[in-house]
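Some notes on the structure that comes next.
The values are calculated or read from the model by the stated rules, or taken from the named source; none is laboratory data. If you're wondering where the values come from, they're calculated on a predicted model, not measured in any experiment. With ideal geometry, Cβ positions are generated from the backbone for all residues, glycine too; neighbour counts draw on all protein chains shown. Just the protein is used for accessible areas: all its heavy atoms, side chains included, with ligands, DNA and RNA removed. Shrake-Rupley method; radii C 1.70, N 1.55, O 1.52, S 1.80 Å.
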Amino acid sequence: MNNLAPAIAQDCFLKGVAEFNRQDYFDCHESFEMLWQQSTDEDERHYLQGILQIAVALHHCQKQNSIGFSSLLAKGRGHLRLLLDKNWQSRNGSFTLAQVDLPHLLEEIENEELTGTQQQPIRHWPILLLIPPAQS
């Protein structure tokens, strides 16, 4: 559950997804952080924090900060892996239109073996795919 009005939360969520997919990772972080700060559901907080930490990691990569990149990528993946291990799906009304396809995001990151170094730049920047919410 999120303390923001559902329409505001959904707009902020979709804005963050668009920013991520445009490689505007700093702005994406800001959008997802606002949602994360207002969330009261532990799993939803892991979901949002995982995405925002991956966005910040990619921002560090753009700035050639390989230490920040590696650290935050690992943390973000950890939050999302926790949810996948629980077979979690968004169950609340915060994001009523869609949610991020977490297996796809993690697969993109792991298949590319993202390194974020000048010697091995990222060949394919990951994107957030949206899937419809689970039906009750």
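Structural remarks
- Sequence ranges 59-72, 9-22, ranked by mean other-Cβ count within 10 angstrom, highest first: 9-22, 59-72
- A straight Cα-to-Cα reach below 27 Å connects K63 with the lysines K15, K75, residues fewer than 8 places away in its own chain not being considered.
- Ranked order, E110, E44 - accessible area, probe 1.4 Å, largest first: E110, E44
- Under conditions of 20 °C and 1.002 mPa s, the range 1-88 yields 165 µm² s⁻¹ as its translational diffusion coefficient, taking Rh as the Kirkwood radius over Cα pairs in the Stokes-Einstein equation.
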